[in-house]
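Worksheet: the structure to be examined is printed underneath.
Please treat every number below as a calculation from the coordinates, not as lab data. Keep in mind it's a predicted model, so treat the numbers as computed, not measured. Cβ: placed from backbone, ideal geometry, glycine included. Neighbour counts: every protein chain shown.
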Amino acid sequence: MSKPYAELMPIYPLLAQQFLDDYGVYQGRCLDIGTGHGYLGIEIAKITELEMYFLDINPEALKIAEANAREAELANPAYFLPVNVEEMPFADNTADLIVSRGSLWFWENQAKGLEEIYRVLKPGGVAVVGGGLGRYIPETMRKRLLAGRKKWLAERGEKRPGEKELHSLLEQAGISSYRLVADVPGEAGRWIEIKKT
């Protein structure tokens, strides 16, 4: 397991619980987009009856996600699909819950990916896309992980988009029913919450 994954392992159960506490989606269909090794989707599956779709453009990552799901002995129906978020093979209004943590920054066409997420989201459903750590982690862990992320990004010469860029992406995608959500009050919004009516 790579160092970034290992450091983030404690956040996934907390993030899954936060999303379920916030949105109350325990049944139906959930897409975990850019799932990587599947950790967030697995934690959501453990505490719901959702039919799970683990989506990633990298087939090797999906193999690891599938092995991790088998090890977790999930009771939920689970599917592992090598899918590009910009061209998802789902009908309109398919998913009750869509989650994506940490993959937005790697999509080739971020606006198109968000447009696709909105298309496959059911009316009454919710999508949460971003790169935050969640509200439920202890403050000491938050500080440590944020310092590590800052160092990791600096070493790679990368920068994550701020609120202005996220608003611009959503405008390009033609999505108006959204809000940016911060992990803690006073921070910039790191999550895009999309609700479809």
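Between Arg156, Arg179, the distinction of being within 28 Å of Gln17 (Cβ to Cβ) and among the basic types (Lys, Arg) belongs to Arg179 only.
Taking the criterion of being loosely packed, with under 15 Cβ neighbours inside 10 Å, part of a loop (DSSP other than H, G, I, E, B) and in contact (Cβ under 8 Å) with a residue 60 or more places away in the chain, the only residue of region 172-197 that qualifies is Thr197. For Ala95, state whether it is of a type outside the set (D, E, K, R) and without any contact (Cβ under 8 Å) to a residue 40 or more places away in the chain. Criteria not met by Ala95.
Being touching a helix residue (DSSP H, G or I) at 6+ places or on another chain (Cβ under 6 Å), in contact (Cβ under 8 Å) with a residue 12 or more places away in the chain and of a type in the set (A, V, I, L, M, F, W, C): is that true of Leu74 here? Considered against the rule, which asks whether it is touching a helix residue (DSSP H, G or I) at 6+ places or on another chain (Cβ under 6 Å), in contact (Cβ under 8 Å) with a residue 12 or more places away in the chain and of a type in the set (A, V, I, L, M, F, W, C), Leu74 comes out as yes.
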